[in-house]
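Peer 1: One structure is given below, represented as structure tokens, and several questions about it will come after.
The values are calculated or read from the model by the stated rules, or taken from the named source; none is laboratory data. Everything numeric in this text was worked out from a predicted model, so none of it was measured. Here the Cβ is made from the backbone with ideal geometry for all residues, glycine too, and neighbour counts use every protein chain on show.
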Amino acid sequence: MKLLQIDPSARHTSSVTRRLTAKFAEEWRKNHSGGEVIRRDLSATALPLITDDWGSTQLEDSKLTPAQRSYLSTSDELIEELRAADTAVIGAPMYNFSISSLLKAWIDQIVRIGKTRGYGPNGGQGLLEKKKVVVIISRGGAYEKGTAMEVFGHRRWRICGGDDR
């Protein structure tokens, strides 16, 4: 069994999200003796931004130039890391009413047609089956119903795929 721990917080010692993903990993280890935890610290990972070169993701591997292969190498590494894990725990700190730019860059790198996402007659489908994913969200502030800040509390559902109201 393998757990992939994704830490996208730019903060190290003061990060609530890092503490929570570490606690999750600790509890996971207790329940999966002999299991392996792969930790990905996104603040220590050079994540390329999506550029015009991203179009090369549509090409067959045999048609990629050396420059395109180099550009996609980080994406390939991150996808393999996710593919190898049985479970992933993703910390999702909220900065300025959104997920961190590091988490967004990681998502951009792992969402690839033909590798993690496919399209068929019934629309889009995920290609990484039987993965358990836990998203731990932390944010400062209060967004309770009936308050002036309630309208900003909607950010949670964007990453989780549902509505928290």
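Peer 1: Out of all the residues in segment 111-145, which are among the charged types (D, E, K, R) and exposed (fewer than 12 other Cβ atoms within 10 Å of the Cβ)?
Peer 2: If the condition is that a residue be among the charged types (D, E, K, R) and exposed (fewer than 12 other Cβ atoms within 10 Å of the Cβ), then Glu129, Lys130, Lys132, Glu144, Lys145 are the ones that fit.
Peer 1: Taking segment 77-90 only, how many residues are in contact with a strand residue (DSSP E or B) (Cβ under 9 Å, 6 or more places away or on another chain), under 18 Å from Lys104 (Cβ atoms) and part of a helix (DSSP H, G or I)?
Peer 2: Residues meeting the conditions: 3.
Peer 1: Any residue in segment 16-24 that is modelled with pLDDT of 95 or more, aromatic (Phe, Trp, Tyr) and over 19 Å from Ile99 (Cβ atoms)?
Peer 2: no
Peer 1: Out of all the residues in segment 56-86, which are touching a Lys or Arg at 6+ places or on another chain (Cβ under 7 Å) and either surrounded by 13 or more Cβ atoms within 10 Å (Cβ to Cβ) or free of Cβ contacts under 8 Å to residues at least 24 places away in the same chain (or both)? Reasoning before the result, please.
Peer 2: The first filter runs over segment 56-86 and keeps only residues touching a Lys or Arg at 6+ places or on another chain (Cβ under 7 Å), leaving 57, 75, 79, 81, 84-86.
Across segment 56-86, the qualifying residues are Thr57, Ser75, Ile79, Glu81, Ala85, Asp86.
Peer 1: I would also like to ask the following. In segment 11-25, which residues are among the hydroxyl-bearing types (Ser, Thr, Tyr), in a helix (DSSP H, G or I) and out of contact with any Pro (no Cβ under 6 Å at 6 or more places or on another chain)?
Peer 2: The one that is among the hydroxyl-bearing types (Ser, Thr, Tyr), in a helix (DSSP H, G or I) and out of contact with any Pro (no Cβ under 6 Å at 6 or more places or on another chain): Thr21.
Peer 1: Please go through segment 129-145 and give me each residue that is within 30 Å of Asp61 (Cβ to Cβ) and at pLDDT 90 or above, ordered by number. Break it down stepwise before answering.
Peer 2: Taking segment 129-145 first, the residues within 30 Å of Asp61 (Cβ to Cβ) are 129-133.
Selection gives Lys131, Lys132, Val133.
Peer 1: Of everything in segment 56-76, what is assigned to a helix (DSSP H, G or I), within 22 Å of Ala105 (Cβ to Cβ) and not charged (D, E, K, R)? Give them in sequence order. Give the steps one after another, and end with the answer.
Peer 2: Pass one, segment 56-76, residues assigned to a helix (DSSP H, G or I): 56-58, 61-63, 66-76.
Of the ones still in play, those that are also within 22 Å of Ala105 (Cβ to Cβ) are 56-58, 67-76.
Selection gives Ser56, Thr57, Gln58, Ala67, Gln68, Ser70, Tyr71, Leu72, Ser73, Thr74, Ser75.
Peer 1: Would it be correct to say that Ile50 is under 29 Å from Arg139 (Cα atoms), of a type in the set (Val, Ile, Thr) and buried (at least 19 other Cβ atoms within 10 Å of the Cβ)?
Peer 2: Answer is no for this residue.
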